[in-house]
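Values in this text are rule-based calculations from the coordinates and carry no lab data. None of these values were measured; they are calculated from a predicted model. Cβ placement follows ideal geometry from the backbone for every residue including glycine, while neighbour counts extend to all protein chains displayed.
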Amino acid sequence: MKIEVYIDGRDFLHKGRSFNDSILKLLKETTIYKLPEELSIGKAQEIEIIKKICQNDSLMHSIEKHITLDTEFANKVIMQDTINCSCLKAITSVGDVLKELMIDNYQLVLTNRTWVEVDHLVLFFEAVNYGEANRFVKKSIRGIYT
């Protein structure tokens, strides 16, 4: 079964106006304050790839090549569910770096779940700052957030 994961974010990201912006600022901050050891050892190429994607393209449209979810877990996730980024499953070394960057900074709220085919599920998540998922869900339910 194929699981595609797309992640975007806007209003609930303090580090930027978009998910791309937020990741770039996070990379800049972690570079200034020294990358965590597990990211700094041999991951410079992956970090550059992430920067190029964020600057020249859209991370939202590229992330599914690098990150997914376990099939059984993906089948259980329902709309408005909040997951921690530690639940993500890296497909590539770029995915490993993205996951590490996201773990302590974001939570993901499922905003759309679409079966493209019988064995192909597409999940869309909104990235929110860690700890702000409940506020996002409340605003979403009330229809204030679009």
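Once the piece of chain linking GLU48 and ARG135 is laid out straight, how much longer is it, given 0.36 nm per residue of separation minus the C-alpha distance between them?
Values: separation 87, 0.36 × 87 = 31.32 nm, distance 3.31 nm.
Between GLU48 and ARG135, full extension yields 28.0 nm more.
Cross-link partners among lysines for LYS2, C-alpha distance below 17 Å, same-chain residues fewer than 8 apart left out?
Partners within reach: LYS65, LYS76, LYS89.
Using a cut-off of 17 Å between alpha-carbon atoms, which aspartates and glutamates can reach LYS51, once sequence neighbours fewer than 8 places away in the same chain are excluded?
ASP8, ASP21, GLU29, GLU64, ASP96, GLU100
Among 22-29, 84-91, 102-109, how do they line up by average Cβ neighbours within 10 Å per residue, starting with the highest? Before the final figure, lay out each step's value.
Working: 22-29: 18.4, 84-91: 16.1, 102-109: 21.0.
Per-residue Cβ counts within 10 Å, averaged per peptide and sorted highest first, yield 102-109, 22-29, 84-91.
If each of LYS28 and ARG10 carries a label point 7 Å out from its Cα toward its Cβ, how far apart are those two points in nm?
2.2 nm
How high is the FRET efficiency between LYS2 and ASP57 when r is their beta carbon distance and R₀ equals 22 Å, given to the nearest 0.05?
0.50
Could you work out how far apart the two model spin labels at ARG113 and MET79 are, taking each label as a point 7 Å from the Cα in the direction of the beta carbon, and quote it in nm?
So the two model labels end up 1.0 nm from each other.
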